[in-house]
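Working notes, beginning with the structure itself.
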Amino acid sequence: MLFDHCAVCRQCCTIEEGYPPLEITLTAREEKRFGSLCIKTDCTNLGPQGCTLGDEKPFSCSLYPLSYDPESDGFSFDRDCPLKETYFAQLDDPESDASRHLSEMSGQIEKLKKTDPKFLFTNRSVDVDYFDLEELPSYKR
């Protein structure tokens, strides 16, 4: 499984010394549930096997290492994520983990366009400020 590596890497849930804290962007629904989530050093929801929130983790965390740009209706990828080469290569296979992830995230984004478009713009702004983004190769939604 592509994302099994994440529990070992943990890079996206850890802030290196000298970097500012990362305020996790939450949808309106998630704000009601979590209030706010901020990673100062290690995410408080990071356990030995990865995220302890499982399927209940914030959408912005599920979206990572992707970033959605509501202005271009396209995706970028965090260059610093060690899964980049594998993720890009898997996009050629519609049955791959990367293709399934992209498809699932695209579906959720379509819903958020209608229910919480502000989140999409806020999340993109945070991603642009915090991550080194590279445009995702062409894909079919």
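Read-outs: derived from the displayed coordinates by stated rules, not from any lab. From a predicted model like this one, the values you see are computed outputs, not experimental measurements. Every residue, glycine among them, receives a Cβ derived from its backbone with ideal geometry; neighbour counts consider all protein chains shown.
Write out the GluC sites (Glu not before Pro) in region 1-77 meeting two conditions: DSSP loop, and at most 11 other Cβ atoms within 10 Å of their Cβ. When the GluC sites (Glu not before Pro) of region 1-77 are filtered for loop state and at most 11 Cβ neighbours within 10 Å, Glu16, Glu17, Glu71 remain. With contacts taken as Cα pairs under 8 Å at a separation of at least 6 residues, region 53-107 carries a relative contact order of 20 percent. When the chain is treated as a GNM with alpha-carbon contacts under 10 Å, the residue of Pro21, Pro48, Pro70 showing the greatest mean-square fluctuation is Pro48. Taking Gly50, Gly35, Gly74 in turn, the Gaussian network model of the chain (Cα-Cα springs below 10 Å) assigns the largest fluctuation to Gly35.
Of Cys51, Cys38, Cys12, which has the largest mean-square fluctuation in a 10 Å C-alpha GNM of the chain? Residue with maximal mean-square fluctuation among Cys51, Cys38, Cys12: Cys38. For the residue pairs Lys84/Lys113; Lys57/Lys111; Lys57/Lys118; Lys32/Lys118; Lys32/Lys114, the alpha carbons lie more than 21 Å apart in Lys84/Lys113.
Scanning the chain for cysteines with no neighbouring cysteine C-beta under 4.7 angstrom from their C-beta gives Cys6, Cys9, Cys12, Cys38, Cys51, Cys61, Cys81.
Put a dot 7 Å past the Cα of Thr115, heading toward its Cβ, do the same for Lys84, and the two dots end up 3.3 nm apart. The overall shape of region 1-124 is oblate: from the C-alpha gyration tensor, with semi-axes ordered a ≥ b ≥ c, the ratio a/c is 1.5 or greater and a/b is no larger than b/c.
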